[in-house]
Amino acid sequence: MDHSCFYIGGAWVAPLTPHPFGVENPATEKIVTEISLGTAADVDLAVAAAKSAFPAWAATPVAERRALMARFLALYQARYEEMVQAISTEMGAPVTMAREQQADTGIGHTQGFLDALDHLVWEWQLDNGDTLMREPIGVVGLITPWNWPVNQIALKVVPALLTGCTCVLKPSEIAPLSAMLFTELLDQAGFPAGVFNLVNGDGPTVGAALSRHRDIAMMSFTGSTRAGAAVSCDAAQTVKRVTLELGGKSPNLVFADCDLETQVAASVAECMNNTGQSCDAPTRLIVERAVYDKVVDLARAAALATEVGDPAVEGPHIGPLVSAQQWARVQALIEAGLEDGARLVAGGPGMPEGMECGHYAKPTIFADVTPEMRLWKEEVFGPVLVITPFEDEAEAIALANDSPYGLAAYVQTGDPVRARRVAKALRAGMVHLNGAPHSYGSPFGGYGQSGNGREGGLLGLEDFTEVKAVHGL
């Protein structure tokens, strides 16, 4: 594949004006390929292709759209290992993790949407006799991040196409390889020309051009809260729908009645997974005072046991951060924790011992972190966990909700009545009880500055539709 091309109108085409951009392997710091960054003119071509394809695609029977997506899923499964290697190379996910988690999201979410499609009601009648009809919203712009590249692409592209929308995707310019392979599979599956389009580029240029475009009816964005606000501002000019999946600073409440040894180790592993580069990572461990010291010791042991290594090697270790810029940001926040007086329990500044190349960071834990500290407030997006104590359930809930974010929350307790009570009190879009994972087909999204809208399953399909009321039918 010529990675410098875009996919517009059913064909790989050269950019109107080449802007070469090197794609780095974050483990080696070497350029593995070169893409081209697009311009507003490239976006215009892609949107025009999507607009032209929309009427016929929207009118295509749901069963035909479903069959094409099922064909795509089969192709994805057949070339699964290629996707694993692409993800591992572009963003540094260890190959085992890329195979078991990252690439698996393409299968899980696609199947989840196919299952949910059978339950999507397209037309129904109200008690007053009026008829409601559900329709695809139109041409949609999709902007996806580098940290879970295929996860977010599947959560946007698959429901858009299944509901009859046409789309233009701008993947992260840092991690475009998996997106381009995803595009190749859609092409091989036989989706009509113009239904799906891809333009590589950066946020201020291609992202803004999509958000401002008058022929785009909806923007679906995943990324930082700052960038999400920019998308909203740009989209406001044409009053288009905007769905956002943004940052997080997820609390993890540990009560004394849980299985401490099991749940603390699992909590640390969940925080460090993907080298901490997950928006829903449980990065604030809020611990009942009676077991605080024990939990700090258990967390320290878990952090010290977390191996950091080459993503090309099989194993349960974590890999590098995605870029030098991300490494520098994580280091700055670790230094801020030291300056603010947090107690360093494990890890700290700099690279792990023996590593001289790659954007590797130490699995780091701070204890005695207070709500005034930057580490409490800011999303680190690296392998950094903060720990603070609470006296009673009310304080635990107050500390958990002390954040402008509200993506996920985690609760560790042996009391099912308390689990339900606390889950209802937490201001978060998702609550994980005693390590229960997120399931394909369930809605993903949050409160507050973590965004709006839901991705996945039935609600994820509905987000790409409009509802029309027909009177007198």
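The table below gives the values:
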item	result
The range 251-439, relative contact order [Cα under 8 Å, separation at least 6], %	28 percent
Within the chain: Cβ-based charge dipole about Cα centre, in debye rounded to nearest 20 (Lys, Arg +1; Asp, Glu -1)	980 debye
Radius of gyration, Dmax [the range 143-233; alpha carbons; angstrom]	12.5, 37
Residue 357-residue 256 FRET efficiency (beta carbon distance; Förster radius 45 Å; 0.05 resolution)	0.55
Kirkwood Rh (inverse of mean 1/r, distinct Cα pairs), the chain, angstrom	23.0 Å
Cα-centre dipole for the range 1-67 with unit charges at Cβ (Lys and Arg positive, Asp and Glu negative), debye to 20	340 debye
The range 416-473 pair-distance distribution - Cα-Cα, 5 Å bins, rounded %	4, 15, 18, 20, 16, 10, 6, 5, 3, 2, 0
Of 249/468; 170/240; 156/424; 156/377; 377/424; 51/468, pairs whose Cα-Cα distance is over 26 Å	249/468; 156/424; 156/377
Cβ-Cβ FRET estimate between residue 40 and residue 305, R0 fixed at 35 Å, reported to 0.05	0.10
Net charge dipole size for the range 313-446 [Lys, Arg +1 and Asp, Glu -1 on Cβ; Debye, nearest 20]	520 debye
Hz values of 3J(HN,Hα) by residue in the range 352-365 - Karplus curve (6.51, -1.76, 1.60), Gly and Pro given as x	x, 4, x, 9, 10, 9, x, 9, 8, 10, 7, x, 10, 10
For residue 447, distant residues with modelled amide H under 5 Å away	406, 407, 429
Between 0 and 90°, nearest 10: helix 260-272 axis offset from the chain longest Cα axis	50 degrees
Per-selection Rg to Rh, the range 71-193 - Cα, Kirkwood hydrodynamic radius	1.06
The chain: angle of helix 225-236 to the longest principal axis, Cα-based, in degrees nearest 10	30 degrees
Selection from 121, 380, 330, by position along the positive dipole direction of the chain (Cβ)	121
GluC sites (Glu not before Pro) within the range 237-335: DSSP coil, no more than 15 neighbouring Cβ in 10 Å	307, 314
Extension reserve of the residue 64-residue 115 stretch, reckoned as 0.36 nm per residue once the Cα distance is removed	16.9 nm
Long-range tail of P(r) for the range 252-328 (Cα pairs > 21 Å, %)	34 percent
5 angstrom amide H check on residue 19, placed H, neighbours 5+ away	37
For the range 158-198 versus the range 320-387, the gap between their alpha-carbon centres in whole angstrom	36 Å
Mean shadow area of the range 338-450 over all directions, Cα convex hull, nm²	9.2 nm²
Scattering curve values for the range 251-439, log₁₀ I(q)/I(0), Debye with Cα scatterers, q = 0.09, 0.11, 0.15, 0.16 Å⁻¹	-0.29, -0.44, -0.83, -0.94
More than 15 Å apart - percent of Cα-Cα pairs taken over the range 98-169	62 percent
Separation between Cα centres of the range 57-119 and the range 201-263, rounded to whole Å	22 Å
Tilt relative to the chain, helix 80-91 - C-alpha long axis, 0 to 90 degrees, to 10	60 degrees
Overall dimensions of the range 269-311 as given by Cα atoms, namely Rg and Dmax in Å	12.1, 39
Prolate/oblate/rounded call for the range 4-161, Cα gyration tensor, a/c under 1.5 rounded	oblate
Unit Cα scatterers, Debye sum, the range 181-313: log10 I(q)/I(0) for q = 0.11 Å⁻¹	-0.66
Among 262, 354, 313 the positive-end extreme of the charge dipole of the range 251-439 (Cβ point charges)	262
Additional length obtainable on full extension of the chain from residue 466 to residue 377, 0.36 nm per residue less Cα span	28.4 nm
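Computed from the coordinates by the stated procedures, all read-outs in this text should not be read as laboratory data. Keep in mind the model is a prediction, meaning the values are calculated, not measured. Heads up, the Cβs are rebuilt from the backbone with ideal geometry, glycines too, and the neighbour counts pull from every protein chain shown.
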